[in-house]
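Report on one structure; see the data block that follows.
Coordinate-derived values only; no laboratory data. In this text the structure is predicted, and so the values were computed from the model without any measurement. Glycine gets a Cβ as well: all are built from the backbone with ideal geometry, and neighbour counts include every protein chain shown.
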Amino acid sequence: MKFNTKTIHGGQEHDPAYGSVMPPIYQTSTYAQSTPGGHKGYEYSRTHNPTRNALEKSFASIENGNYGLAFGSGLAAIDAVIKLLQPGDEVVSTNDLYGGTYRLFTKIYEDFGIKFHFIGMENANKIEEYITPDTKLIWVETPTNPMMNVIDVKAVSKIAQKNNVLLAVDNTFATPYLQQPLDLGADIVMHSATKYLGGHSDVVMGALVVRDKDLADKLYFIQNASGAVCGPQDSFLVLRGIKTLHIRMQRHCENGRAVAEYLASHPKIEKVYWPGFESHPNHEVAKSQMNDFGGMVSFTTKGNNYDEAIKIVENLKIFTLAESLGGVESLAGHPASMTHASIPKEEREKTGVVDSLIRLSVGIEDEEDLIEDLKQAIG
Ligand SMILES: *Cc1c(COP(=O)(O)O)cnc(C)c1O
């Protein structure tokens, strides 16, 4: 089955009870047993729920994995991965990281004795300098948030395999429509399904997909033991969202390109971060591991003025000023004061998150309206 078909049919079967084409929302916490242990595969909804299982199979299918797991949020999914580790273990992570991931690593797990190294991975060979006998995990985000750096997943996976270290890729920005990290050698794919997979800004959810059975068993154990699962209603909504992932992504990419090119031509704009430009430092890697360049575009204004950036995001009318990304509607964010406010100014500026940086999640509206909106807001 090819990708577009998988988004609709992958891992799915019609409901055995009445043949309903979409799985029913099994809004139940528990399941009747005829005798202790005599059940139909479901005992309690933290452990299993038929609607969630249908979604987990879809996750596995679209990421070319064997096992999918759904969580109550993207961070809950990341939390489950870190729970594979022990005190004393080390993690090498990208430095330009979703702010909440950075906060989870540094404010919670460092206190549990796990050591994190945050490094630029645009040159994958640099990772090896940070690998010690205690390194158990490499954590990669690509394209990165919000600087759109692109990391060569295949090159990182070679280093991970050579050193017997797990490689996890946060695939939230790209989605499997654009890149499939398991095919590039990753062990774990993670999503904030809140974003493109759900696609309609109406659910918070996380996902993991793996191929290896032992790894899947460990993660299922953590999912059930820690309990950060999502409910059946949300599972239904994300399953529905995934069915249009391919056509939404196609439009996100077209509009993303149009917006990036418009901004690059604007006299008040200093720099536009979008991996589709030939001038992007990792454009060749992006071209080889991604099918297109996505709908996320960041830019800075000349003079790097904080107040001017705030004014631009306030002036936007079709782009909504909001955290999050990946929905059908266009959103704009100011990382320094919003998503990345939890990262110290000195740290964030090292990775390029300067005061005038604005991040756009380009939606699937008409391209002309989006460009007109940017034109009036930037002036
Ligand atoms: C939003 C996001 C997360 C966190 O996911 P939640 O669903 O908000 O918990 C992690 N990584 C990336 C890249 C994100 O955009």
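Taking Cα pairs under 8 Å and at least six residues apart, what relative contact order does segment 106-187 come out at, in percent?
The value is 28 percent.
So what is the calculated 222 nm ellipticity per residue for the chain, using -39500 (n - 2.57) for each DSSP H run with n of 4 or more, over all residues, to the nearest 500 deg cm²/dmol? Walk me through the numbers on the way to the answer.
On the way: 13 runs with 128 residues, N = 379.
Here the helix-only value at 222 nm equals -10000 deg cm²/dmol.
Antiparallel versus total DSSP beta bridges in the chain: what percent is that, nearest 5?
Bridges in the chain that DSSP calls antiparallel: roughly 55 percent.
Which value in nm describes the separation of the simple spin-label points at Y306 and K375, placed 7 Å from the Cα toward the beta carbon?
It works out to 3.3 nm between the two label points.
Modelling each spin label as a point 7 Å along the Cα-to-Cβ direction, I'd like the E128/T35 distance in nm, to one decimal.
It is 6.2 nm.
Any chance you could check the Cα centroid distance between segment 254-325 and segment 330-363 for me, in angstrom?
Comparing the Cα centres of segment 254-325 and segment 330-363, I get a distance of 12 Å.
Return the long-range amide H neighbours of G206 (sequence gap of 5 or more, or a different chain), with a cut-off of under 5 Å between placed amide H atoms.
F71, G72, S73, G74, A193
So what J values fall out for segment 366-379 if you push phi through Karplus, 6.51 cos²θ - 1.76 cosθ + 1.60 with θ = phi - 60°, rounded to Hz, Gly and Pro as x?
The phi angles translate into 6, 3, 4, 5, 5, 5, 4, 5, 5, 4, 5, 6, 7, x Hz.
Could you grab the relative contact order for the chain? Cα pairs under 8 Å, six or more apart, rounded to a whole percent.
After rounding, I find 17 percent.
Over segment 245-378, what is the mean sequence separation of C-alpha contacts under 8 Å (at least six apart), divided by residue count, expressed as relative contact order in percent?
Values: 219 pairs, mean separation 39.4, N = 134.
That works out to 29 percent.
With θ set to phi - 60° and the Karplus curve 6.51 cos²θ - 1.76 cosθ + 1.60, what are the ³J(HN,Hα) couplings of segment 5-17 in order, to the nearest whole Hz, using x for Gly and Pro?
Computed from phi, the couplings for segment 5-17 are 5, 4, 4, 9, 10, x, x, 9, 9, 5, 4, x, 5 Hz.
Share of antiparallel DSSP beta bridges in segment 245-378, in percent to the nearest 5? Each step should come with its number before you reach the end.
On the way: 11 of 13 bridges.
Bridges in segment 245-378 are about 85 percent antiparallel.
Quick one: which residues, 5 or more positions from K271 or on another chain, have an amide H under 5 Å from its amide H? H modelled 1.01 Å from N in the peptide plane, none for Pro or chain starts.
When sequence neighbours closer than 5 places are left aside, the close amide H contacts are T300.
Which cross-chain or sequence-distant (5 or more) residues have an amide H under 5 Å from the amide H of F116, H modelled 1.01 Å from N in plane?
For F116, whose amide H was placed from the backbone, the distant partners under 5 Å are V91.
In sequence order, what are the phi-derived ³J(HN,Hα) couplings for segment 63-76 according to the Karplus relation 6.51 cos²θ - 1.76 cosθ + 1.60 with θ = phi - 60°, rounded to whole Hz, with x for glycine and proline?
9, 6, x, 10, 9, x, 9, 10, 10, x, 6, x, 5, 5
For a label point 7 angstrom out from the Cα of S324 toward its Cβ, which stretches of segment 199-221 have the backbone nitrogen within less than 12 Å?
199-205
Sorted by packing (mean other beta-carbon atoms within 10 Å per residue), highest first, where do 262-275, 18-31 land? Mind dumping the intermediate values first?
Values: 262-275: 17.6, 18-31: 12.9.
Going from most to least packed, we get 262-275, 18-31.
Show me 342-351, 80-89 ranked by packing, highest mean number of other Cβ atoms within 10 Å first.
Those peptides, ordered most packed to least, come out 80-89, 342-351.
Under a straight-distance cross-link criterion of Cα-Cα below 12 Å, which aspartates and glutamates are reachable from K317, leaving out those fewer than 8 residues away in the same chain?
Within reach: E329, D369, E372, D373.
In nm, to one decimal, how far is the A225 label point from the I119 one, both placed 7 Å along Cα→Cβ?
Going by the 7 Å Cα→Cβ label model, 3.0 nm.
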